[in-house]
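Presented below is the structure to which this report refers.
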Amino acid sequence: MSTLWQVPLDNPPKVVAMGRNAHGFEPTDSYCLPDLWSLHLFNYDAILRLGESEFRIKPGSLGITPPGVTMSTQYFGISVHIYVHFKVAHGEYTDVPAVCDTGKSYEMLTADLFDAVQQFASNAQYANSVVWSTLWKAARIGASFQSGKPTVHRAVRIASEIIESNLNNKIYISDLADEAQVSAGYLSKLFSENYNESIAEHIKRRRMEKASDLLRHSTLPVKLVASSVGFSDLQQFNKAVRSYCGMSPRAWRNFRDEKTQKEPDNLPGPF
């Protein structure tokens with residue numbers, strides 16, 4: 001059963017800080033806000049610990065943390081998320097999951113929250129309303145937990161964690177299967193059932209997602225980005241990025257710069 005927080009949602013929250021920030025320069029970090037709630041919309045894989053509870057974060061995960069709860073995160077590389085620090089008004093409590101998968105709502109939530117980030121300084125009431133709406137969406141997702149949706153199979157979870165920790169290295173399905181203590185064929189079947197893609201497709205996708213994220217949100221040289229996702233041949237990396245992003249790595253980075261030259265990549269607030 002997922003952890004549920006009781007959050008007063010009768011009235012809009014008051015946003016104190018919000019922005020987009022990068023973590024993962026150190027493998028782990030930990031912090032606690034004594035007086036503020038926090039919301040995070042994640043675009044990466046990580047392991048999150050809230051107090052004694054542990055959660056597997058993936059792209060599209062939405063996390064809510066109450067005041068006074070220590071949030072510890074284990075990263076698998078440079079990781080960028082949208083964060084909000086806020087206060088809540090008194091009122092009737094609503095159950096909101098500590099972590100939930102936003103699914104098909106992720107792109108819309110990202111757009112809405114980023115729009116609120118851009119307007120926060122000049123229109124705090126708008127930011128409050130967007131965060132309020134996001135919290136209600138999380139509450140509705142939490143209600144669906146009663147449906148008993150199955151969790152990711154243990155072997156898939158183990159293999160996924162190994163993949164995330166070794167995107168810069170060669171990854172063999174036989175090694176993943178040995179670590180997960182299942183046959184390679186059965187692990188492949190589990191991946192298809194859980195992720196609707198093969199293990200090789202999953203590895204390729206995660207490498208390209210990480211490369212895209214590093215190109216978009218860091219100034220690392222292209223050669224270093226390539227090596228961080230397992231490419232020693234720069235030409236092969238260029239070809240893979242062209243296939244995934246529709247343009248070369250440098251063009252993708254320049255495209256990002258043109259699109260975000262007015263966007264605050266790292267606004268005040270460390271988390």
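The values are calculated or read from the model by the stated rules, or taken from the named source; none is laboratory data. Worth saying up front: this structure is predicted, and the values here are computed from it rather than measured. Cβ coordinates were reconstructed from backbone atoms using ideal geometry, including for glycine residues, and neighbour counts include every protein chain displayed.
Observations on the model:
Condition check ((1) within 26 Å of Cys100 (Cβ to Cβ); (2) outside the structural domain of Ile82 (by TED's automatic domain parsing); (3) in contact with a helix residue (DSSP H, G or I) (Cβ under 9 Å, 6 or more places away or on another chain); (4) of a type in the set (A, V, I, L, M)) across all residues:
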| site | (1), (2), (3), (4) |
| --- | --- |
| Ile162 | yes, yes, yes, yes |
| Asn169 | no, yes, no, no |
| Ile173 | no, yes, yes, yes |
| Tyr186 | no, yes, yes, no |
| Val222 | no, yes, yes, yes |
| Ser228 | no, yes, yes, no |
| Phe231 | no, yes, yes, no |
| Leu234 | no, yes, yes, yes |
| Asn238 | no, yes, yes, no |
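- Single residue of Ser61, Ser79, Ser72 found to be surrounded by fewer than 17 Cβ atoms within 10 Å (Cβ to Cβ), touching a residue at least 40 places away in the same chain (Cβ under 8 Å) and among the small types (Gly, Ala, Ser): Ser72
- Selection from the range 1-25 of residues that are β-branched (Val, Ile, Thr) and either touching a helix residue (DSSP H, G or I) at 6+ places or on another chain (Cβ under 9 Å) or assigned to a strand (DSSP E or B) (or both): Val7, Val15, Val16
- Counting only helices (runs of 4 or more DSSP H) wholly contained in the range 157-250, the ones carrying 1 or more residues that are touching a strand residue (DSSP E or B) at 6+ places or on another chain (Cβ under 9 Å) and crowded, with 18+ Cβ neighbours inside 10 Å occupy 199-217.
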